[in-house]
Amino acid sequence: MVCTIAGLDPTGGAGIAADLRTFAALGGWGTAVVTAIALQDEGGVRAVHPVAADAVSNQLRAALARRPAALKTGMLATADLLAAVADVLDEGEIPPLVVDPVLAAGAGGALLEDAALAGLAERLGPHATLLTPNLPEAARLLGKAAIAPGEERAAATALLELGWQAVLLKGGHGQGEACVDHLVGPDGAQAFSRPRLAGPTLRGTGCTLA
């Protein structure tokens, strides 16, 4: 059993829908905590409707009572929802946690308010096994305009210094014929390179990888 704590995309392209499909494809039983409803499509985010913080807390406590083997966070939307999730995680021992810092939709539009940025590392860092930002997300978390080509590993290392245990910096937003992901943790660094696929931009790829 695996639990995703994320937003609901009614079109099914990203968020909880993508997570549950991935869990099932890998043989897992998926459960979900809904943090917000994101009205989005290929044109971008139209609106975000956060769920009440106490409702998110109660959903998460119910999910944790089933003793999932792993947790994953996606869209948390607001500082209040981030705090609600972190407060429940602070209550006791939790399974391995992957944090996908969903800051914006692939087609455009904010999915996490600026006030919550600092709290990601402060509140979720102590619980997280792995952080999985893409290049634009890593830049925002580090207060940079962008991550320049060749600086990916250094950027992943800088994120570690903010308090994360391990970082997988995704290379899908990079350039060139190869897509290179950089994994950095206490045991060192490793790069994973695959040919970049041609085709249209798809929503939910970051959710699926995380």
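The values are calculated or read from the model by the stated rules, or taken from the named source; none is laboratory data. Quick caveat: nothing in here was measured; it's all calculated off a predicted structure. Every residue, glycine among them, receives a Cβ derived from its backbone with ideal geometry; neighbour counts consider all protein chains shown. Keep in mind that these areas ignore ligands, DNA and RNA; they rest on the heavy atoms of the full protein, side chains included. Shrake-Rupley method; radii C 1.70, N 1.55, O 1.52, S 1.80 Å.
A few points about this structure:
- Check on ALA154, modelled with pLDDT of 90 or more and over 27 Å from ALA70 (Cβ atoms): yes
- Among the residues of this structure, ARG46 does not count as one that is within 20 Å of LEU97 (Cα to Cα) and of a type in the set (Lys, Arg).
- ASP19 passes every criterion in (1) open to solvent by 10 Å² or more (accessible area, probe 1.4 Å); (2) touching a helix residue (DSSP H, G or I) at 6+ places or on another chain (Cβ under 8 Å); (3) outside any strand (DSSP E or B); (4) more than 17 Å from HIS127 (Cα to Cα) apart from (1).
- Meets criteria (at pLDDT below 95 and among the aliphatic types (A, V, I, L, M)) for LEU135: yes
- From the options GLY13, GLY27, GLY74, residue that is open to solvent by less than 30 Å² (accessible area, probe 1.4 Å) and over 21 Å from LEU120 (Cβ atoms): GLY13
- For ALA116, the requirement of being farther than 19 Å from CYS179 by Cα and surrounded by fewer than 21 Cβ atoms within 10 Å (Cβ to Cβ) is met.
- Members of segment 142-195 that are part of a loop (DSSP other than H, G, I, E, B), closer than 18 Å to LEU103 by Cα, in contact (Cβ under 8 Å) with a residue 24 or more places away in the chain and not aromatic (Phe, Trp, Tyr): LEU162, GLY171, GLY172, HIS173, GLY174
- Within segment 43-64, residues that are touching a residue at least 24 places away in the same chain (Cβ under 8 Å) reach partners that are surrounded by fewer than 12 Cβ atoms within 10 Å (Cβ to Cβ) with beta carbons closer than 6 Å, at six or more positions or on different chains, in the pairs GLY44/GLY108.
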